[in-house]
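The values are calculated or read from the model by the stated rules, or taken from the named source; none is laboratory data. Quick caveat, the model's predicted, so the values are computed rather than measured. Virtual Cβ from ideal backbone geometry, glycine too; neighbours counted across all protein chains shown.
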Amino acid sequence: MAVSGLVINIGTRGSPLALAQAELTKAGLLAAHAELRPENVTIVPIKTTGDQVQDRTLSEIGGKGLFTKEIEEALIDGRIDLAVHSMKDMPTFLPAGLVIAAMLEREDPRDVLISPVADSIANLPQGAVVGTASLRRQAQLLALRPDLKVQPLRGNVGTRLDKLARGEAAATLLALAGLKRLGRADAATAILSTDDFLPAVAQGAIGLEIRANDPRVAALVAPLDHPLTTIAVTAERAMLAVLDGSCRTPIAAHAEVFGTQLRLRGLVALPDGTESHFAEDSGNATLEGAAALGRALGEKLKALAGPNFLA
């Protein structure tokens, strides 16, 4: 398609990681469309409520949508043409008229431990303070080490690392994907295996959200879609939808494609780590198979947990 002269406005959060993800998207667009000029693609930083409120956890101030609301309003209003999101920040259901049109290839979904005092979770000092605002990380951490003390630690990656350096916590947990995209993977003390520590739903995946009735932008982003990432994330988000997950419920998931098969593992837990329920299953590695597998695993976890667990 001819795109010469088009202006493409990419909306994203203003954090260093979000801007890096927007730059990846811009580079992908320019590589996919030789007629598109760099000066025609503008990145528009948008401050979200989630970015502005840093002294409370997401569960206290309203959940994941606080990182997307203002950006999606700009998309609906036509101020931007597409929005770049960390898929793990996306609410289970999108606003009417918006769709995820493509996902970039997923980066490593694992979590990492960062600590100046220990080389593993097992070797953290007795009763050490670990900073994290994620209930999912808190639940899995306390299940492994109930003696640890968890305190909220929010902010962008650089802010969290600075707080750790000042001794505000003995350790923190971050996504390896974000560190890699910022060129800070060397900050990781230990990479946590998904066999021991399941990541957040869609962790490491970048989604491109557009207006559903915008075929022009849909055609532009189509070459950027990574089908295997879309299949895996579809399964994880379908599981999340069944569980009606929010930031108040620790939920973890990881889907992997092996040839024509898709394996999905899921976990729901209490925030204090005293109880958790795990399930896994396999299905066809297609979009339809992924959605069906996610729904089935969500129902299995819901049955295992019982009616009051996810209330």
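Looking at segment 200-211, can you tell me whether even one residue there is over 15 Å from the mean Cα position of the chain (by Cα) and closer than 23 Å to residue 82 by Cβ?
The answer is yes; a qualifying residue exists.
Restricting to segment 293-311, and then to whatever is small (Gly, Ala, Ser) and under 21 Å from the mean Cα position of the chain (by Cα), can you tell me which residue is nearest to residue 103 (Cα to Cα)?
294
Between 148, 144, 98, which is of a type in the set (A, V, I, L, M) and surrounded by 20 or more Cβ atoms within 10 Å (Cβ to Cβ)?
It is 148.
What's the number of the condition residue 190 fails, among (1) surrounded by 20 or more Cβ atoms within 10 Å (Cβ to Cβ); (2) more than 23 Å from residue 286 (Cβ to Cβ)?
(1)
Tell me, please, whether a residue that is modelled with pLDDT of 95 or more, in the same structural domain as residue 91 (by TED's automatic domain parsing), in contact with a helix residue (DSSP H, G or I) (Cβ under 8 Å, 6 or more places away or on another chain) and not charged (D, E, K, R) can be found in segment 47-58.
no
Here is a check on your reading of the model: is residue 262 part of a loop (DSSP other than H, G, I, E, B), over 20 Å from residue 93 (Cβ atoms), among the aliphatic types (A, V, I, L, M) and not assigned by TED's automatic domain parsing to the domain that holds residue 141?
Judged against the criteria, residue 262 is not a match.
Report those helices (runs of 4 or more DSSP H) wholly inside segment 145-224 carrying at least 1 residues which are closer than 15 Å to residue 108 by Cα.
It comes to 176-181.
From the list 111, 77, 147, which residue is within 14 Å of the chain's Cα centre (by Cα) and either closer than 24 Å to residue 179 by Cβ or free of Cβ contacts under 8 Å to residues at least 60 places away in the same chain (or both)?
111
Scan segment 102-118 for residues that are out of contact with any Asp or Glu (no Cβ under 7 Å at 6 or more places or on another chain) and either surrounded by 19 or more Cβ atoms within 10 Å (Cβ to Cβ) or more than 11 Å from residue 170 (Cα to Cα) (or both) and jot them down.
Listed by number, the residues that qualify are 104, 105, 106, 107, 108, 109, 110, 111, 112, 113, 114, 115.
Of all the residues that make up segment 260-281, how many are more than 22 Å from the chain's Cα centre (by Cα) and of a type in the set (Ser, Thr, Tyr)?
2
Based on what the data block shows, is residue 128 under 23 Å from residue 220 (Cα atoms) and more than 13 Å from the chain's Cα centre (by Cα)?
So residue 128 fails the test.
Could you check segment 59-90 and list, in sequence order, the residues that are at pLDDT 90 or above and small (Gly, Ala, Ser)?
Selection gives 74, 78, 83, 86.
Show the residue pairs meeting these rules: Cβ distance below 8 Å; 6+ apart or different chains; first residue within segment 212-223 and closer than 14 Å to residue 9 by Cα; second residue modelled with pLDDT of 95 or more and assigned to a helix (DSSP H, G or I).
Qualifying pairs under 8 Å: 220/29; 220/32; 221/29.
Go through segment 270-288 and count every residue that is modelled with pLDDT under 95 and surrounded by 21 or more Cβ atoms within 10 Å (Cβ to Cβ).
Number satisfying all stated conditions: 0.
So, in segment 91-144, of the ones that are at pLDDT below 95 and of a type in the set (A, V, I, L, M, F, W, C), which residue ends up farthest from residue 24 (Cα to Cα)?
Top of the filtered list is 135.
In the list 167, 158, which residue meets the criterion of being on the phi > 0 side of the Ramachandran plot and at pLDDT below 95?
One residue alone meets the criteria, 167.
Could you check how many residues of segment 225-245 are assigned to a loop (DSSP other than H, G, I, E, B) and within 30 Å of residue 308 (Cβ to Cβ)?
2
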